[in-house]
Amino acid sequence: MTSSTRRPAATAALLALAIGSFGIGMTEFVVMGLLPDLARDLLPNAWATNSDTAIAHTGVLISLYALGVVIGAPTIAGSVARFPRHRVMWVLALALTVFNALTFLAPSFEWMAVSRLLAGLPHGAYFGIGALVAADVLGPGRRAQGVAFVLTGLTVANVVGVPVGTFLGQHFGWRVTFMAVAAVFALATVCIAAFVPQHEGSPERTLRAELRVFRIGQVWLTLAIGAIGFGGFFAVNSYVAPMVTDVAHAPSWAVPVVLVISGIGMTIGNLVGGRLADRDLRRTLHGAFLGTAVVLVLIGLAAQWILLVAALLFALNFCGSILAPSIQTRLMDVAEDNQSIAAALNHSALNVGNSLGAFFGGAVIAAGWGFVAPAWVGVAMALVGLALTAVGFSLGRRERELVPAC
């Protein structure tokens with residue numbers, strides 16, 4: 001097969017994977033723009049008593065999805081490492097279709113909660129194994145760009161899918177939004193089956209072998225960097241809708257507009273992050289965490305002005321999206337030969353951050369501190385991420401210096 005014929009085939013395969021990541025971006029982030037609608041419909045009694053408390057309680061749905069990612073990423077990725085990756089990707093896309101169909105059929109808050117947990121289970125394995133396929137297609141020296149390509153569908157979802165889903169939910173009901181999400185995953189399932197070529201797994205890898213990755217101290221430290229540092233990103237993004245409407249006093253139609261602006265920042269940040277991480281991973285992580293902390297401080301000081309809020313959310317999503325491919329590349333660097341589970345663990349870490357950010361953000365809102373308070377929670381979490389990053393690279397340098405003496 002010539003390179004000219006391989007290139008279109010590779011492009012079709014990567015686009016098929018990106019459709020699935022687009023669906024994941026919708027299902028993960030659209031809830032944030034629909035929290036008031038979900039609270040009003042699924043928790044009518046709590047809404048009638050105190051709408052702020054109802055919204056904070058509904059934020060549990062974000063945490064449950066993130067918990068599903070945390071559980072599913074290492075267990076699924078480790079269990080399927082020995083199977084052909086093209087088949088694994090097809091099955092994961094099918095599972096995402098079914099679980100999101102359960103979401104729009106959910107008759108109560110409790111059923112909705114279960115469906116969100118289930119929908120999160122395939123998330124990490126899909127991105128992790130998909131990133132390995134993309135990295136193999138792009139070749140040596142472009143791993144972070146391969147990771148970023150798979151993540152592009154997720155970031156484009158924040159430009160198009162999430163705002164459109166939010167609009168549909170606000171005007172036609174949130175169930176219509178999740179019907180659209182399930183349709184995207186159905187399309188991804190068909191495209192992956194049709195266009196992703198045979199891609200063998202690692203037959204010698206078992207779940208037990210993959211779990212040895214947890215014996216590596218640097219892996220735990222990198223997971224902590226993602227879980228705590230990235231939480232600052234989600235502390236604010238989880239409560240964008242009430243910040244826009246209740247703090248900046250903008251109309252509800254401004255929420256999808258702000259989400260589009262945020263999504264553009266996320267898309268650009270993801271693409272820039274992949275290139276920067278391939279050049280200098282340490283500086284990229286340090287700069288992204290510092291930038292995130294600074295932007296969160298500014299959000300805390302200027303949340304009452306809608307134009308500034310929109311601009312700062314663009315900057316927040318830009319900085320936060322630089323972190324995603326960078327942390328995944330760092331995990332792949334320190335995980336030795338446990339690449340399948342390492343690639344998926346990044347999404348466990350980031351979704352622990354998702355869960356922690358949504359939880360602590362909701363906690364300060366429920367405590368009566370207002371919808372700006374999550375920004376200050378985010379500042380603290382981003383600075384902890386920055387400190388852990390510095391410690392991780394410092395320890396790594398010392399370990400390399402000790403190797404010749406052994």
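Report the residue count in region 270-289 for those that are of a type outside the set (A, V, I, L, M, F, W, C) and at pLDDT below 90. Of the residues in region 270-289, 7 are of a type outside the set (A, V, I, L, M, F, W, C) and at pLDDT below 90. From the list Ala380, Ala311, Ala366, Ala387, which residue is open to solvent by 50 Å² or more (accessible area, probe 1.4 Å) and in contact with a His (Cβ under 9 Å, 6 or more places away or on another chain)? Exactly one residue qualifies, and that residue is Ala366. Residues in region 56-85 that are under 21 Å from Thr206 (Cβ atoms) and surrounded by fewer than 20 Cβ atoms within 10 Å (Cβ to Cβ): Ile71, Thr75, Ser79, Arg82, Phe83, Pro84.
Have a look at Ile322, Ile306 and point out the one that is closer than 15 Å to Gly229 by Cβ, among the β-branched types (Val, Ile, Thr) and out of contact with any Asp or Glu (no Cβ under 9 Å at 6 or more places or on another chain).
Of Ile322, Ile306, the one residue that is closer than 15 Å to Gly229 by Cβ, among the β-branched types (Val, Ile, Thr) and out of contact with any Asp or Glu (no Cβ under 9 Å at 6 or more places or on another chain) is Ile322.
If the condition is being at pLDDT 75 or above, open to solvent by 10 Å² or more (accessible area, probe 1.4 Å) and either within 17 Å of Ala13 (Cα to Cα) or within 14 Å of the chain's Cα centre (by Cα) (or both), then region 134-171 contributes Thr152, Leu154, Val156. Anything in region 92-131 that is open to solvent by less than 10 Å² (accessible area, probe 1.4 Å), small (Gly, Ala, Ser) and closer than 24 Å to Leu350 by Cβ? List them, or say none. The answer is Ala93, Ser115, Ala119, Gly120, Gly124, Ala125, Gly128, Gly130, Ala131.
Restricting attention to region 314-363 and to residues that are open to solvent by less than 10 Å² (accessible area, probe 1.4 Å) and not in a helix (DSSP H, G or I), the residue that is modelled with the lowest pLDDT turns out to be Asn338. Close contacts from region 321-336, counting a first residue that is over 24 Å from Phe29 (Cβ atoms) and a second that is buried (at least 24 other Cβ atoms within 10 Å of the Cβ) and among the hydroxyl-bearing types (Ser, Thr, Tyr), with Cβ to Cβ under 8 Å and a gap of 6+ residues or different chains, come to Val334/Thr222.
Among the residues that make up region 176-185, is at least one of them outside any helix (DSSP H, G or I), touching a residue at least 60 places away in the same chain (Cβ under 8 Å) and open to solvent by 60 Å² or more (accessible area, probe 1.4 Å)? So that I can check it myself, show each step before the final result.
If we filter region 176-185 for residues that are outside any helix (DSSP H, G or I), which is where we start, we get none.
Scanning region 176-185 turns up no residue that is outside any helix (DSSP H, G or I), touching a residue at least 60 places away in the same chain (Cβ under 8 Å) and open to solvent by 60 Å² or more (accessible area, probe 1.4 Å).
Looking only at residues in region 248-259 that are surrounded by fewer than 18 Cβ atoms within 10 Å (Cβ to Cβ) and of a type in the set (A, V, I, L, M, F, W, C), the one that is nearest to Val372 (Cα to Cα) is Ala254.
The values are calculated or read from the model by the stated rules, or taken from the named source; none is laboratory data. Computed from a predicted structure; not experimentally measured. With ideal geometry, Cβ positions are generated from the backbone for all residues, glycine too; neighbour counts draw on all protein chains shown. The accessibility values were calculated without ligands, DNA or RNA, using every heavy atom of the protein model including side chains. Shrake-Rupley method; radii C 1.70, N 1.55, O 1.52, S 1.80 Å.
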